[in-house]
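**Q** Input: one structure, supplied below.
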Amino acid sequence: MDGRARAKGRCPGAEVGADARERKVCRREERGYTVRGAMKSPAKLRSALKRALLAWYGRGGNGGRPARAARDLPWRRTSDPYAIWVSETMLQQTRAATVVPYWERFLRELPTVQTLAEAAESQVLALWSGLGYYRRARMLHAAARRVVALHGGGLPRDREALSSLEGVGAYTVGAIASIAFKERVAAVDGNVSRVLARIAAIEDDVTSARGKALVQAEADALAAIDEGDPGDWTQALMELGALVCAPRQPRCGSCPARAWCRAFARGGVDYASTLPRKAPKREKAVVERVAIVLHTGTAVVLARRRALTLYGGLWEVPTAPRSAKRRLAKGLGVNLTALDVAGEVVHILSHRRMHVQVLRGSVSPQCLAKCRPAEDRLADGVEAVGAEYDALDLVPYGDLPTRAHASLTRKVLDVANLHREPLF
DNA sequence: AACGCGGGGCC
DNA sequence: GGCCCAGCGTT
C-alpha cells in the first residue's frame, strides 16, 4: 500500500530500499501464490486454485466426477434473496447444522419479506427462540419493514442500500450480493479468513488491522478472478473452512487447496493448525442471580425483558441479582419465606457465567393482580420487579413453547420440576 | 480496537 | 470445561 509496508522476517527484500520488483515478488510469496520450485505467474496459480476449489465444491450435479463435497443445505436450493438473507442472518456466528430447522420453520411461517414486515415482534422472537443473539431477529424484523417501505418489498441489489439495513454488515452484504445477486464480491467470514490466513501463511494476529487488511485483500483478489458463479466461489471457500480447513484439526490430507497452501508447505498440518493466531482468552465474569418460579400447578409467571438488554423482548422466569432476592420477591407480591430452594442452574454465555439459584412457590393474589396480557406493556407494579422487565404474564404450561424465551428459562423450569412431562 | 451479545457441538 | 462457529453494532 505504501513504502512503509512492513515485512516479515522471511521477506527482507520488502524493506525500504529494495526495488519494486523484489517487493512485488515478496508480496506474492507472502500471499502464497507460489508453489515450491514452480514460479508460475500468480494469475495462473490463482486460477488453478480456483478451479480446484470449485471442482471440489461441485457446482451442480455432474456425472462421472467424484461426488460434490458441498453439503445439501436447504438455503442452497433457493434463489430467493429474502430466503438467502434470512439464512445469512441466522448463520452469523451459528453453525449451519444448528440453523437448518430454524430456517425451515421461519420460512414456512414467514415466507416473504412482506409477511415478516407485518409479523408481530413476539412471533419473530418466538421463531428465533433457542438460536441466540436475539438482536439479529429484531434487526432483521426492522430491516424487513424498511425494505417494504423503501424498496417496495424487494431486497435492494445496491450494496450501499444493503449495507444500510439493520444487521447487514460487511460479510452479509458480500454473501447476499454474491449468492443471491451473482455479483463478484468477496464475503469474508470466519471460515474464509482462516482458509486465506493458512493459504497465505499470515502469521500476524488475525484480529490486527494488518491481518484483516491482508485477508480482505486476498478475498477481493481471489473473488475478482473467478469466472464461474460468484455465489459458488463464496460458498466453496466457506465450505472448505467448515469441512476441511477446520479450526483445530484441518484435514490437509484431503484438501483440494493443499498444493497452494503456504502454511502446509511450511510445516504441514501441525503448522497450518496454528493459524490464524488466536487472541488471548479473557476470563468470564461470574454473575450470581436468583430466579423465582411462581406457579398455579397448570401455569407459571413469566416476565418480559425490556428491549436493549440481554435477552431483550424475550419472556423468562423473573430473575434478579442474588443480592436483590428480597426485592424481587416483594416486587412479585410473594413473601420470601414462602419460597423453597429448588436448586441451581449454571448458564454459560460467551462473555459471562451465570449461577442462578432457583426458588419456587405458589402464585399469590398480589402477584396475580400484577399479571397482564402479553401486549400490555408497563403494567402497574411491574416496575417493582426491577428495571429489567416491562410486563408480567401468567402463562399456561401448554403455551410455553410458543413464547419467545431464552434457553435459561428451560433450565430454570426444569430444575423447578413443576410437571412430570417436559414443559418444552 | 475492544466489547456485548447465545447457544450448542465437539474435543 | 474450553473452543469456536456463514458477525454486527456500539463505544
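Only the coordinates and a few stated rules stand behind these numbers; no lab work does. Being a predicted model, the structure only gives us computed values, none of them experimental. Heads up, the Cβs are rebuilt from the backbone with ideal geometry, glycines too, and the neighbour counts pull from every protein chain shown.
**Q** For the stretch A:114-200, with only Lys/Arg (+1) and Asp/Glu (-1) charged at the beta-carbon, what is the dipole magnitude about the Cα centre, in debye rounded to 20? List each step's numbers first, then the result.
**A** On the way: 11 positive and 7 negative charges, 53 e Å.
Here the size comes out at about 260 debye.
**Q** Using each residue's phi in the stretch A:391-406, evaluate 6.51 cos²θ - 1.76 cosθ + 1.60 at θ = phi - 60° and report the 3J(HN,Hα) Karplus result to the nearest Hz, with x for Gly and Pro.
**A** Per-residue couplings from phi come out as 6, 10, 8, 8, 10, x, 3, x, 8, 4, x, 8, 8, 5, 8, 8 Hz.
**Q** Set Lys and Arg Cβ to +1 and Asp and Glu Cβ to -1, take the dipole of the stretch A:242-348 about its Cα centre, and tell me which of A:329, A:265, A:255 lies farthest positive.
**A** A:265
**Q** As a footprinting exposure proxy, order A:106, A:424 by other Cβ within 10 Å, with the fewest listed first.
**A** A:424, A:106
**Q** Moving to a separate point now. List, in order, the whole-Hz ³J(HN,Hα) value for each residue of the stretch A:261-269 obtained from phi through the Karplus relation with A = 6.51, B = -1.76, C = 1.60 and θ = phi - 60°; use x for Gly and Pro.
**A** 8, 5, 5, 5, 4, 6, x, x, 5
**Q** Which of the residue pairs A:325/A:411; A:284/A:325; A:281/A:411; A:278/A:411 have a Cα-Cα distance greater than 25 Å in the structure shown? It would help to have the intermediate numbers written out before the result.
**A** On the way: A:325/A:411 19 Å; A:284/A:325 23 Å; A:281/A:411 27 Å; A:278/A:411 32 Å.
Cα-Cα > 25 Å for A:281/A:411; A:278/A:411; rest within.
**Q** Another question, then. Quick one: which residues, 5 or more positions from residue A:344 or on another chain, have an amide H under 5 Å from its amide H? H modelled 1.01 Å from N in the peptide plane, none for Pro or chain starts.
**A** Distant-sequence amide H within range of residue A:344: A:358.
**Q** Would you mind calculating the relative contact order of the stretch A:234-362 from Cα pairs under 8 angstrom and at least 6 residues apart, reporting the percent as a whole number? Each step should come with its number before you reach the end.
**A** Details: 169 pairs, mean separation 29.7, N = 129.
Relative CO of the stretch A:234-362 lands at 23 percent.
**Q** Rank by packing, highest mean first: peptides A:344-356, A:242-254, with packing defined as the count of other Cβ atoms within 10 Å averaged across residues. Spell out each step's value before the answer.
**A** Numbers: A:344-356: 13.9, A:242-254: 15.6.
Sorting A:344-356, A:242-254 by mean packing, highest first, produces A:242-254, A:344-356.
**Q** Taking amide hydrogens as modeled 1.01 Å from N in the peptide plane, which residues meet the under 5 Å criterion relative to residue A:201, leaving out close sequence neighbours?
**A** A:262, A:263
**Q** Per-residue counts of other Cβ atoms within 10 Å, averaged by peptide: what ranking do you get for A:260-269, A:158-167, highest first?
**A** Working: A:260-269: 19.2, A:158-167: 16.2.
Result, highest mean Cβ count within 10 Å first: A:260-269, A:158-167.
**Q** Residues in the stretch A:120-159, backbone N under 18 Å from the label point at residue A:98 (7 Å along the Cα-to-beta-carbon vector): list them, ranges by number please.
**A** Answer for this model: A:125-140.
**Q** So how do A:393, A:72 line up by other beta-carbon neighbours within 10 Å, fewest first? Show your work: numbers first, answer last.
**A** Details: A:393 21, A:72 7.
Ranking A:393, A:72 by Cβ neighbours within 10 Å, fewest first, gives A:72, A:393.
**Q** So what J values fall out for the stretch A:163-171 if you push phi through Karplus, 6.51 cos²θ - 1.76 cosθ + 1.60 with θ = phi - 60°, rounded to Hz, Gly and Pro as x?
**A** 5, 7, 6, 4, x, 9, x, 4, 5
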